[in-house]
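S.K.: So that we are looking at the same thing, I have put the structure below in structure tokens.
The values are calculated or read from the model by the stated rules, or taken from the named source; none is laboratory data. Since the structure is predicted, the reported quantities are computational estimates derived from the model, not experimental observations. A quick note on method: Cβ atoms are made from the backbone with ideal geometry, for glycine too, and the neighbour counts reach across all protein chains shown. Protein only, heavy atoms only, side chains kept; ligands, DNA and RNA dropped before computing areas. Shrake-Rupley method; radii C 1.70, N 1.55, O 1.52, S 1.80 Å.
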Amino acid sequence: MKSDSKIHYWILASRPKTLPAAVVPIMVGSALAINQGKFYPLYSLIALICSLLIQIGTNFTNDLYDHLKGADTEKRKGPLRVLSAGLISVKEMRNAIILVFGLTFILGLYLVFVTDWKIFVIGIFSIIAGLAYTAGPYPLAYHGLGDLFVFLFFGIIGTTGTYYLHHLEFTTISFLVSLPVGALITNILIVNNYRDIEEDKEAGKNTLAVILGREFSRYEYIFFLLLSFFVPFILYFEFNFNETIFLPYLTLPFAIILVKMIYNYQGQQLNKTLEVSAKYSALYGLLFSAGMIL
């Protein structure tokens with residue numbers, strides 16, 4: 001029973017509700033590769049495993065360093081954090097971080113072997129960024145750079161990098177399709193930081209929400225939603241995609257609900273907004289991918 005409990009704690013630490021952030025860029029990048037006429041399933045499968053491991057490793061690192069810096073307190077409104085709750089030790093978490101990022105590096109070497117050195121650079125910087133999010137001498141999340149980090153690595157780099165695996169080129173179209181991915185995954189973080197403004201401020205964690213305030217966070221969230229709806233329009237009129245590229249527009253009612261939630265929900269209610277934002281990014285990504293493949 002104790003072993004089962006430990007497994008449950010590690011699942012909690014991996015933050016499964018955030019994992020769509022790792023899946024969507026691979027899915028969308030792969031869909032574009034299919035659309036453009038060249039696709040290797042094994043490459044995308046390994047990229048997906050690496051992406052999930054980087055997301056989990058980043059979550060573990062976040063858990064560890066927020067705990068060490070005193071950012072996870074009893075006032076926390078978000079889900080349970082295993083270190084602050086004493087369910088996993090600091091040593092165990094450090095070992096897990098080394099294991100997860102080490103495995104990512106080893107698996108990534110195969111992708112480097114079948115493509116070229118650019119994938120090695122992307123992989124190394126992705127691992128470093130995952131660690132630097134809350135660790136190191138200048139933790140990104142503590143200096144208002146978390147939103148930019150997520151938009152770049154889980155949006156632009158994750159999506160264009162996946163496309164590169166198949167076609168060995170970075171294109172304007174691969175950049176464009178990465179924008180809704182980055183936008184909607186960043187919205188997950190925006191809700192998290194919006195919810196935790198007071199606690200983060202006390203802990204000296206200067207997220208963008210702490211620096212620029214609640215009103216800015218709401219506008220930022222809406223801007224990213226609008227961006228996600230603008231990109232299919234560009235792809236249709238400028239790059240000759242067919243009408244199926246508008247499939248993501250089916251999510252508009254859910255986008256309206258999310259805007260209402262971020263304006264009306266407070267405190268622990270925002271945990272639901274965060275969960276729905278993650279599901280929304282996955283739904284949009286699925287429809288966006290289907291639109292490109294069809």
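S.K.: With charges set only on the Cβ (+1 for Lys and Arg, -1 for Asp and Glu), what does the dipole of segment 149-251 come to about its Cα centre, in debye to the nearest 20? If you can, show how the numbers build up before the last one.
M.R.: Working: 5 positive and 10 negative charges, 6 e Å.
Once rounded to the nearest 20, the dipole reads 20 debye.
S.K.: Right, another one. What number results when the radius of gyration of segment 168-272, computed over Cα atoms, is divided by 2.2 N^0.38 Å?
M.R.: 1.26
S.K.: Any chance you could get the radius of gyration and Dmax over the Cα atoms of the chain, in Å?
M.R.: In order Rg, Dmax, the Cα atoms of the chain give 18.8, 58 Å.
S.K.: Let me ask something else about it. Label points 7 Å out from Cα along the Cβ direction at LEU252 and GLU169: separation in nm?
M.R.: About 3.5 nm separates the two model spin labels.
S.K.: In a Gaussian network model over the chain where Cα atoms closer than 10 Å are linked, find which of VAL259, VAL210, VAL28 has the largest mean-square fluctuation.
M.R.: VAL259
S.K.: Work out how far the C-alpha atoms of segment 1-159 reach from end to end along every principal axis, then list the three figures in whole Å, largest first.
M.R.: 52, 40, 25
S.K.: Another question, then. Which residue, SER89, SER174, SER51, tops the fluctuation ranking in a GNM of the chain built on C-alpha contacts under 10 Å?
M.R.: SER89
S.K.: If you don't mind, there's one more thing I want to ask. Report the extension gain between LEU42 and VAL90 in nm, rounded to one decimal, defined as 0.36 nm multiplied by the number of residues separating them, less their alpha carbon distance. Each step should come with its number before you reach the end.
M.R.: Values: separation 48, 0.36 × 48 = 17.28 nm, distance 3.54 nm.
Net length gain for the segment: 13.7 nm.
S.K.: Based only on Cα atoms, what mean projected area does the convex hull of segment 215-290 have, in nm²? Don't skip to the answer; put the middle values down first.
M.R.: Values: hull surface 20.6 nm².
Spelled out: convex hull of the Cα atoms, projected over all directions, averaged, 5.1 nm².
S.K.: Of GLU92, GLU275, GLU220, which is the most mobile in a GNM of the chain whose springs link Cα atoms less than 10 angstrom apart?
M.R.: GLU92
S.K.: Could you work out what % of the accessible surface of the chain is carbon and sulfur, using a 1.4 angstrom probe and leaving DNA, RNA and ligands out of the count?
M.R.: Details: 9280 of 13490 Å².
So the carbon and sulfur contribution to the accessible surface is 69 percent.
S.K.: Taking 0.36 nm per residue of sequence separation and subtracting the Cα-Cα distance, how much length would be gained by fully extending the chain between PHE125 and LEU227, in nm to one decimal? Intermediate results must be reported in sequence, preceding the final value.
M.R.: On the way: separation 102, 0.36 × 102 = 36.72 nm, distance 2.60 nm.
34.1 nm is the gain from fully extending PHE125 to LEU227.
S.K.: Test of understanding: what is the full-extension gain from ILE49 to ALA290, defined as 0.36 nm times their sequence separation minus their Cα-Cα distance? Mind dumping the intermediate values first?
M.R.: Working: separation 241, 0.36 × 241 = 86.76 nm, distance 2.11 nm.
Here the segment from ILE49 to ALA290 would lengthen by 84.6 nm.
S.K.: Using a simple spin-label model with points 7 Å from Cα along the Cα→Cβ vector, what separation in nm is obtained for LYS69 and TYR263?
M.R.: Here the answer is 3.2 nm between the modelled labels.
S.K.: To the nearest 0.05, how large is the calculated FRET efficiency for GLU275 and ASN240 if R₀ is 51 Å and r is the Cβ-Cβ distance?
M.R.: Values: r = 37 Å, r/R0 = 0.72.
Working from the Cβ atoms, E equals 0.85.
S.K.: So, one more: Averaged per residue, what accessible surface does the chain expose to a 1.4 Å probe, in Å²?
M.R.: Numbers: 13490 Å² over 294 residues.
Solvent-accessible surface per residue comes out at 46 Å².
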